[in-house]
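**Student:** Please see the structure below; I have some questions.
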Amino acid sequence: MGKVTSDTSGSVPFTVIPAGWYPARLVRMEKTVSKKQPDGTGGNPMFVFGFDITGHNEDPRLNNRQVNFYNVVYGGKDKNGAPNNLNRLLELIGAAGVPWDHVNCGAIDQTAAPVEDKDMGVYLCPACSKSLNEDGTQIAYDPDLFKGRMIKMQITVGKSLNSDEPRNEIRRVRAL
């Protein structure tokens, strides 16, 4: 193979984003399956989202900075055979303002966020006040409507799995 010339003018060294809340636009979404684990867990349907920080006035250098790998399981079972916890999905639907249907009560195209009941550790339907975490509860939504939506994301700083290198993680998302 011959030489390859690459334009490196847009390259910047990796730097950890300071912990905090940042405005961001959801720009990437991949539908995939979680990695199968030796204990039999995994293999569940999930979305992998990516965001670009936007409108950060305190440090404009962070604007357009990509933050990837926000994994959101949207179905499947846990190791005990129970339905997976979909709180992360419900949180993102609410933060992004994506219209959704509560199939069980018939509420269609709701734009109100699922209500988080922190005392009970569940999300509630704003139309009927029933738990969205109970067995047999179904919601419907169009995943394509996530793209381009603005949210506020909480970034934390932790350690990489196989080294002491710092890395960012998206901890929570909220409406902007």
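**Student:** Hey, V67 hits all of (1) touching a residue at least 40 places away in the same chain (Cβ under 8 Å); (2) hydrophobic (A, V, I, L, M, F, W, C); (3) under 30 Å from S131 (Cβ atoms) but one; which does it fall short on?
**Tutor:** Every listed condition holds for V67 apart from (3).
**Student:** Against the condition out of contact with any Pro (no Cβ under 9 Å at 6 or more places or on another chain), touching a residue at least 12 places away in the same chain (Cβ under 8 Å) and buried (at least 18 other Cβ atoms within 10 Å of the Cβ), how does L132 come out, does it pass? Let's see the steps before the verdict.
**Tutor:** Details: out of contact with any Pro (no Cβ under 9 Å at 6 or more places or on another chain): no; touching a residue at least 12 places away in the same chain (Cβ under 8 Å): yes; buried (at least 18 other Cβ atoms within 10 Å of the Cβ): yes.
No.
**Student:** Looking at I151, I108, which is the one that is outside any loop (DSSP other than H, G, I, E, B), surrounded by 14 or more Cβ atoms within 10 Å (Cβ to Cβ), touching a Pro at 6+ places or on another chain (Cβ under 9 Å) and among the hydrophobic types (A, V, I, L, M, F, W, C)?
**Tutor:** Among I151, I108, only I151 is outside any loop (DSSP other than H, G, I, E, B), surrounded by 14 or more Cβ atoms within 10 Å (Cβ to Cβ), touching a Pro at 6+ places or on another chain (Cβ under 9 Å) and among the hydrophobic types (A, V, I, L, M, F, W, C).
**Student:** Here is a follow-up. If you scan the stretch 117-129, which residues turn out to be surrounded by 15 or more Cβ atoms within 10 Å (Cβ to Cβ) and either of a type outside the set (A, V, I, L, M) or more than 23 Å from D78 (Cβ to Cβ) (or both)?
**Tutor:** So in the stretch 117-129, the residues surrounded by 15 or more Cβ atoms within 10 Å (Cβ to Cβ) come out as 122-126.
Y123, C125, P126, listed by residue number.
**Student:** If I filter the stretch 168-176 for residues that are surrounded by fewer than 14 Cβ atoms within 10 Å (Cβ to Cβ), of a type outside the set (S, T, N, Q) and more than 20 Å from the chain's Cα centre (by Cα), do I get at least one hit?
**Tutor:** Within the stretch 168-176, none of the residues are surrounded by fewer than 14 Cβ atoms within 10 Å (Cβ to Cβ), of a type outside the set (S, T, N, Q) and more than 20 Å from the chain's Cα centre (by Cα).
**Student:** Take the residues in the stretch 43-54 that are surrounded by fewer than 16 Cβ atoms within 10 Å (Cβ to Cβ) and touching a Gly at 6+ places or on another chain (Cβ under 9 Å), then tell me which one is nearest to A96 (Cα to Cα).
**Tutor:** P45
**Student:** Mind telling me which of the residues G50, G75 ends up being part of a loop (DSSP other than H, G, I, E, B) and among the small types (G, A, S)?
**Tutor:** Within the list G50, G75, the selection yields G75.
Yes/no matrix, rows are residues, columns are (1) touching a residue at least 40 places away in the same chain (Cβ under 8 Å); (2) of a type outside the set (F, W, Y); (3) in contact with an Asp or Glu (Cβ under 7 Å, 6 or more places away or on another chain):
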{"position": "M1", "(1), (2), (3)": "no, yes, no"}
{"position": "T15", "(1), (2), (3)": "no, yes, no"}
{"position": "G20", "(1), (2), (3)": "yes, yes, no"}
{"position": "Q37", "(1), (2), (3)": "no, yes, no"}
{"position": "G55", "(1), (2), (3)": "no, yes, no"}
{"position": "L62", "(1), (2), (3)": "yes, yes, no"}
{"position": "P83", "(1), (2), (3)": "yes, yes, yes"}
{"position": "G97", "(1), (2), (3)": "yes, yes, no"}
{"position": "C105", "(1), (2), (3)": "no, yes, no"}
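Just so you know, all these numbers are worked out from the coordinates, no wet-lab data involved. If you're wondering where the values come from, they're calculated on a predicted model, not measured in any experiment. In this analysis, Cβ positions are derived from the backbone assuming ideal geometry, glycine residues included, and neighbour counts consider all displayed protein chains.
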